[in-house]
There are 2 protein chains.
Amino acid sequence: VAQGLVICDLSISLDGFIAGPDQSADQPLGIGGRRLHEWHFSPKNEVDRRFTHELLEPKGAVVMGRNMFGPIRGAWDGEWNGWWGGDPPYHAPVFVLTHHARDPEPMAGGTTFHFVTDGAASALAQAREAAGDKPVLVAGGAQTARQCLAAGAVDELVLHVVPAVLGSGERLFDDLGGLACEPLEACASPAATHIRYRVVGR
Amino acid sequence: VAQGLVICDLSISLDGFIAGPDQSADQPLGIGGRRLHEWHFSPKNEVDRRFTHELLEPKGAVVMGRNMFGPIRGAWDGEWNGWWGGDPPYHAPVFVLTHHARDPEPMAGGTTFHFVTDGAASALAQAREAAGDKPVLVAGGAQTARQCLAAGAVDELVLHVVPAVLGSGERLFDDLGGLACEPLEACASPAATHIRYRVVGR
């Protein structure tokens, strides 16, 4: 069976942060972090629209961290279904890395959240199997992306480099020394420089 | 009189370092830092050749830090003329930021090293005056580039983003929170993604 690519797609500041500091339920992207997503929240340019379309195109499966699923809480309350409302934009199985076991949550539009408590490698394996020959999206946050990159499990890293310096926040590349990539494509808009890398090793 | 652009042109790792750790006289670019310059030391690609040509094209004047001029020593010994040999590649006045006053050093090929002890703003002002309507190159290292960017004195920032993660070294963007740029152009080769930014403010 052909295997789909594992693609990690992230918006990042010029100085390497994928979220601002002080992430919270009120400010899930951290202070200044929303700025990193303007290029796809309100694309103003043909280049940004192309990458927005690619980001939102349904994948075979998605892997994300706990904080990307929903706000930081001590424990699940059994009611909350994440940031994404009743019809999340994934339209595919989403594997959420967490320490709290929970039954799968099927949502409208084909998204089902699965909760994985035994680590990134397991989440990736489950996502790969669910995706078949379609791509798997590693959606973030930083810790999840780092774990998948460190495990050598990512085929393509797509960075949307936003031309702003955040100064602090959550860095993507901490503890990934030695990671090597090959740029396949780069396009600039005023809002972001989009670079597609093939990950070639560590 | 028309003023030339002030251009800061730097090679940088995916994780934001422009030199590796442990810079020394033997290893001026730090551990792993030479990797950041392969794209122009031995350009293998039309895109890399174009940016190499642009980097080496004579400027009106150059500003650089002390460690980029020559190895780290306690004091000048009156003999050493930097890393660059008798015919440096600048062919223009070069203003070296240092704490040690020293007479100008004229070299073959039109390069003269001037030593500036009263700070980045002064070096930039002298470089601008020497350059007339030709561009001024801010060549590095990180501290000099940061000072010039922090002073709002840089018109264009050209980054050659090398697809490798160094893990440690000297970061370009520390203490530049709030800096904002606009991408004008992006081109990828296997060795580097070249991005030209207009610096729009802080």
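A compact table of results
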| quantity | calculated |
| --- | --- |
| Which listed residue, of A:ALA121, A:ALA186, A:ALA125, is of a type in the set (A, V, I, L, M) and either in contact with a strand residue (DSSP E or B) (Cβ under 8 Å, 6 or more places away or on another chain) or under 16 Å from A:MET68 (Cα atoms) (or both) | A:ALA186 |
| Single condition B:GLN143 does not satisfy, out of (1) of a type outside the set (A, V, I, L, M); (2) closer than 29 Å to A:PRO183 by Cα; (3) open to solvent by less than 60 Å² (accessible area, probe 1.4 Å); (4) touching a strand residue (DSSP E or B) at 6+ places or on another chain (Cβ under 6 Å) | (3) |
| Region B:186-202 residues that are farther than 19 Å from B:PHE41 by Cβ, paired with ones that are among the polar types (S, T, N, Q) and surrounded by fewer than 21 Cβ atoms within 10 Å (Cβ to Cβ) (beta carbon under 8 Å, 6 or more apart) | none |
| Among residues of region A:74-101, those that are modelled with pLDDT under 90 and either touching a Phe, Trp or Tyr at 6+ places or on another chain (Cβ under 9 Å) or within 18 Å of A:PRO28 (Cα to Cα) (or both), counted | 12 |
| Search result, residues across region A:1-55 that are under 15 Å from A:GLY167 (Cβ atoms) and among the β-branched types (Val, Ile, Thr) | A:ILE12, A:ILE18, A:ILE31 |
| B:GLU54 at pLDDT 95 or above, surrounded by 13 or more Cβ atoms within 10 Å (Cβ to Cβ) and either part of a loop (DSSP other than H, G, I, E, B) or acidic (Asp, Glu) (or both) | no |
| Selection count, region B:1-46, where residues are open to solvent by less than 30 Å² (accessible area, probe 1.4 Å) and either of a type in the set (Asp, Glu) or part of a loop (DSSP other than H, G, I, E, B) (or both) | 7 |
| Sole exception among (1) within 16 Å of A:PRO135 (Cα to Cα); (2) at pLDDT below 95; (3) open to solvent by less than 40 Å² (accessible area, probe 1.4 Å) for A:PRO71, by number | (1) |
| Residues that are of a type outside the set (D, E, K, R) and farther than 15 Å from B:HIS37 by Cα, drawn from region B:149-168 | B:LEU149, B:ALA150, B:ALA151, B:GLY152, B:ALA153, B:VAL154, B:LEU157, B:GLY167, B:SER168 |
| Verdict on A:ARG196 being open to solvent by 40 Å² or more (accessible area, probe 1.4 Å) and within 9 Å of chain B (Cβ to nearest Cβ) | no |
| Positions within region B:169-188 being more than 7 Å from chain A (Cβ to nearest Cβ) and not in a strand (DSSP E or B), in sequence order | B:GLY169, B:LEU172, B:ASP174, B:ASP175 |
| Residue list for region A:21-52, filter: touching a Gly at 6+ places or on another chain (Cβ under 7 Å) and closer than 18 Å to B:CYS181 by Cα | A:GLY32, A:GLY33 |
| Residue under evaluation A:ALA191, criteria (1) at the interface with chain B (Cβ under 8 Å from one of its Cβ atoms); (2) open to solvent by less than 50 Å² (accessible area, probe 1.4 Å), criterion not met | (1) |
| Odd one out for B:VAL162 among (1) without any contact (Cβ under 8 Å) to a residue 60 or more places away in the chain; (2) more than 7 Å from every other protein chain (Cβ to nearest Cβ); (3) buried (at least 22 other Cβ atoms within 10 Å of the Cβ) | (1) |
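This table checks each residue for (1) crowded, with 22+ Cβ neighbours inside 10 Å; (2) aliphatic (A, V, I, L, M); (3) more than 12 Å from chain B (Cβ to nearest Cβ).
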| position | (1), (2), (3) |
| --- | --- |
| A:ARG128 | no, no, yes |
| A:VAL136 | yes, yes, yes |
| A:LEU149 | yes, yes, no |
| A:ALA153 | no, yes, yes |
| A:LEU157 | yes, yes, no |
| A:VAL200 | no, yes, no |
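Residue-by-condition table, conditions (1) under 17 Å from B:ALA61 (Cα atoms); (2) touching a helix residue (DSSP H, G or I) at 6+ places or on another chain (Cβ under 6 Å):
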| position | (1), (2) |
| --- | --- |
| B:THR112 | yes, no |
| B:VAL116 | yes, yes |
| B:LYS134 | yes, no |
| B:GLU156 | yes, no |
| B:VAL162 | no, yes |
| B:GLY169 | no, no |
| B:ASP174 | no, no |
| B:ALA180 | no, no |
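The values are calculated or read from the model by the stated rules, or taken from the named source; none is laboratory data. Only a predicted model underlies this, so the values are computations on that prediction, with no experimental measurement involved. Glycine also receives a Cβ, built like all others from the backbone with ideal geometry; neighbour counts cover every protein chain displayed. Only protein heavy atoms, including side chains, enter the accessible area calculation; ligands, DNA and RNA are left aside. Shrake-Rupley method; radii C 1.70, N 1.55, O 1.52, S 1.80 Å.
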